[in-house]
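Report on the structure given below.
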Amino acid sequence: MADRLRIAVLDDYQHVARSSADWAPLDALADVVVFHDHVADEAALSRRLAPFDVVCVMRERTPMTASLMDLLPRLRLIASTGKANASIDVDAAAAHGIEVVHTNYASTPTIEFTWAAILCLARNLANETAAVRAGGWQQGLGVELQGKTLGLLGLGRIGAAVARIGQAFGMHVIAWSQNLTDEHAAGHGVERVTKEALFARADFLSIHVRLSERTEGLVGRDELSAMKPTARLVNTSRGPIVDEAALVDALVSKRLAGAAIDVYDPEPLAPDHPFRRLPNVLATPHIGYVSEEMYRTFYGDTVRNVVEWIGKVSP
């Protein structure tokens, strides 16, 4: 390669990419530029990325679409964090001769964060903390988890771990998904129910299914209307699984007691979005997977992946 390679690291919101890994092996081979802001406009993004041979993306923060790749003739490698990234058009990448690589991933941060969200909802921690900061004091009553019903939309790796913790709290755990069997549910001490029963019976409903054509909009107006007015919804999976407009209506009208939302469509969340101001919403900026340990894995693997790729393509 006659020219020195240029590598873009996108969406480093927390300014931690450099400190999360040893970039020296890559710095010796290429020019690495880290961007801390998010660019959503495709034309502006293509102008930013046009000089780069490699783009390192953090999960689905910046989608790598076919139309974007059309505007990046120099791009040769997309290095993504996580074992899969639904926002990368892999067919378009292949057509352009762009290689796509991934990193390791662990579910631990998301499992732990899900329970942080459930507990915050149960005890109204966001509003109570805000009251103390504003000079106030107790604002309302929390609810106990013991004896309540935890509903899980999905009982895969994350859902099963969330179920075990719910059982430790003394909750009755029920679950449904399109592929869930009685045998799989029983193996985790969980009651498999119908979709209708899941929403009708859950005191806390947590979403743990992958985003796909089958699950997009899976939680819609009918499902939310079926929930108890005392129920609370938790989404740490993907925003499009839930009909946001229907959820906002349910929360505004108090047909639903509360929601903890960590994922949105699109992201970042719009500055004027109702989730930012509704008092019965705990809104967090897609941090379910964000931990020091996970970032060390993500960025450490990214550096190794790109170094290995350079070794393959260099003369």
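The values are calculated or read from the model by the stated rules, or taken from the named source; none is laboratory data. Since we're looking at a predicted model, the values are computed, not measured. Glycine also receives a Cβ, built like all others from the backbone with ideal geometry; neighbour counts cover every protein chain displayed.
Taking helices (runs of 4 or more DSSP H) that fall entirely within segment 155-201, which contain at least 1 residues that are under 18 Å from Ser107 (Cβ atoms)?
On the way: elements: 157-168, 182-187, 195-201.
Passing ranges, in order: 157-168, 182-187.
Which residue out of Phe169, Phe204 is over 21 Å from Leu224 (Cα atoms) and of a type in the set (Phe, Trp, Tyr)? I'd like the intermediate steps shown before the answer.
Numbers: Phe204 fails: over 21 Å from Leu224 (Cα atoms).
When all the criteria are applied, what remains is Phe169.
Would you check which residues across segment 260-284 are touching a residue at least 40 places away in the same chain (Cβ under 8 Å) and within 16 Å of the chain's Cα centre (by Cα) and list them?
Of everything in segment 260-284, those that are touching a residue at least 40 places away in the same chain (Cβ under 8 Å) and within 16 Å of the chain's Cα centre (by Cα) turn out to be Ala260, Asp262, Pro266, Glu267, Pro268, Leu282, Thr284.
When you check Ala86 against the structure, is it over 18 Å from Arg6 (Cα atoms) and at pLDDT below 95, yes or no? So that I can check it myself, show each step before the final result.
Working: over 18 Å from Arg6 (Cα atoms): yes; at pLDDT below 95: yes.
Considered against the rule, which asks whether it is over 18 Å from Arg6 (Cα atoms) and at pLDDT below 95, Ala86 comes out as yes.
What's the number of the only condition in (1) under 27 Å from Ser80 (Cα atoms); (2) surrounded by fewer than 17 Cβ atoms within 10 Å (Cβ to Cβ); (3) at pLDDT 95 or above; (4) among the charged types (D, E, K, R) that Asp262 fails to meet?
Single failed check for Asp262: (2).
Just the residues that are without any contact (Cβ under 8 Å) to a residue 24 or more places away in the chain and small (Gly, Ala, Ser), please, taken from segment 170-197.
Ala186, Gly187, Ala197
Given (1) without any contact (Cβ under 8 Å) to a residue 60 or more places away in the chain; (2) surrounded by fewer than 16 Cβ atoms within 10 Å (Cβ to Cβ), identify the lone condition not met by His38.
(1)
Condition (residue is of a type in the set (D, E, K, R), surrounded by fewer than 17 Cβ atoms within 10 Å (Cβ to Cβ) and either under 20 Å from Asp41 (Cα atoms) or in contact with a Leu (Cβ under 9 Å, 6 or more places away or on another chain) (or both)) applied to segment 64-72: is it met by at least one residue?
Of segment 64-72, the ones of a type in the set (D, E, K, R) are 70.
Of the ones still in play, those that are also surrounded by fewer than 17 Cβ atoms within 10 Å (Cβ to Cβ) are 70.
If we keep only those that are either under 20 Å from Asp41 (Cα atoms) or in contact with a Leu (Cβ under 9 Å, 6 or more places away or on another chain) (or both) as well, we get 70.
The answer is yes, given that some residue of segment 64-72 is of a type in the set (D, E, K, R), surrounded by fewer than 17 Cβ atoms within 10 Å (Cβ to Cβ) and either under 20 Å from Asp41 (Cα atoms) or in contact with a Leu (Cβ under 9 Å, 6 or more places away or on another chain) (or both).
Just give me the residues in segment 227-253 being surrounded by fewer than 16 Cβ atoms within 10 Å (Cβ to Cβ) and either β-branched (Val, Ile, Thr) or not assigned by TED's automatic domain parsing to the domain that holds Thr149 (or both), in sequence order.
Thr230, Val252, listed by residue number.
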